[in-house]
Structures are given as structure tokens and as C-alpha cells.
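A.B. asks: One structure coming up, written as C-alpha cells, with questions to follow.
The values are calculated or read from the model by the stated rules, or taken from the named source; none is laboratory data. What you see is a predicted model, and the numbers here were worked out from it, not measured in a lab. Positions of Cβ are generated from backbone atoms using ideal geometry, with glycine treated the same way; all protein chains shown enter the neighbour counts.
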Amino acid sequence: MFDKYINYNRIAEDMIRNREDNLAALESLKEQYAELMQKDGVGAVSYEKERVQVSLKNDAMVNHAIQKEAVKKKLDELGTECRLFDKAWTHLTEEEKEVLSVFCNQDIKKQDAIDLVCEQMHCERATAYRKKDAALGRFKKLLFS
């Protein structure tokens, strides 16, 4: 119903643009989750009357469980996104990868990116934009199909 309002070009470009940050975040989340799992052995939840009334320890245990679940959820989501990206990216040609990498580079302005692609591919601006659109279209197809 809302598919027509989703800007898949923007999503795909953002995935390429944020790739390195996402990989760093994934490693960080893995470390956080490992630390939380090590702390898991603190004690099991007990529902005895005396234990339930000692709310500080129970609150800490509940907070720990919530934090662990939140990190696990983020880890799973980011892991899935990375797997989808890798699967789609490996099916692109080297030329398509290069064009998308240049166009989606955060450090390069759009004007400079088009000039760089024209220089590398020995083509005109219109051809460079067509190559970018074709590569992005193929990447989106591989990513969202």
C-alpha cells in the first residue's frame, strides 16, 4: 500500500554510503552482546516472596535482560542488512561497484563525483549518469527482490 512512497534509490544509496559505519557498529554490538552474555551468570530470576520484595536486585536483573534483548535486536537487524548488502554487492560488476562507490562516497561532492567517473571511464557526463542509474537500478533489484 505504501510501497509507492518508499524512495528505494535513497535507501540503496544510504546503504552504500553508510557501509563502513555499519560494519563498525556491527562489531561494536557483537562486543556489547558478548559482555552482556558474560554478565548473565549473575543469578537466575527467582519469584520467591523475599526475592520479589528486594526490588533493587530485581530491577537490575530486569534492566540487564531488557538491555540484552535490545542489543540482540539491533545486532540481528544490522546483521541482516549486512548480509543483504553483501549478497547484492557481490553480484555487481567491478565497473558498477566503482561507479556506485564514487557516487555514494560521503567525502566527494556530487559534481566532483561525476567528473571523477567521467575521467575514470573516459566518457561524457550523460554516459556517466546513465552508468550510475543502471548500476543503482541493478543494485536495488538485487537488494530488494
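A.B. asks: Kindly indicate whether any position in the stretch 36-52 is loosely packed, with under 11 Cβ neighbours inside 10 Å and at pLDDT 80 or above.
C.D. replies: The answer is yes; a qualifying residue exists.
A.B. asks: Only residues that are in a helix (DSSP H, G or I), in contact with a Lys or Arg (Cβ under 9 Å, 6 or more places away or on another chain) and surrounded by fewer than 16 Cβ atoms within 10 Å (Cβ to Cβ): list them for the stretch 110-132, please.
C.D. replies: If we filter the stretch 110-132 for residues that are in a helix (DSSP H, G or I), which is where we start, we get 110-121, 125-132.
Adding the requirement that they be in contact with a Lys or Arg (Cβ under 9 Å, 6 or more places away or on another chain) leaves 113-115, 117-118, 121.
ASP115, MET121 - these are the residues of the stretch 110-132 that are in a helix (DSSP H, G or I), in contact with a Lys or Arg (Cβ under 9 Å, 6 or more places away or on another chain) and surrounded by fewer than 16 Cβ atoms within 10 Å (Cβ to Cβ).
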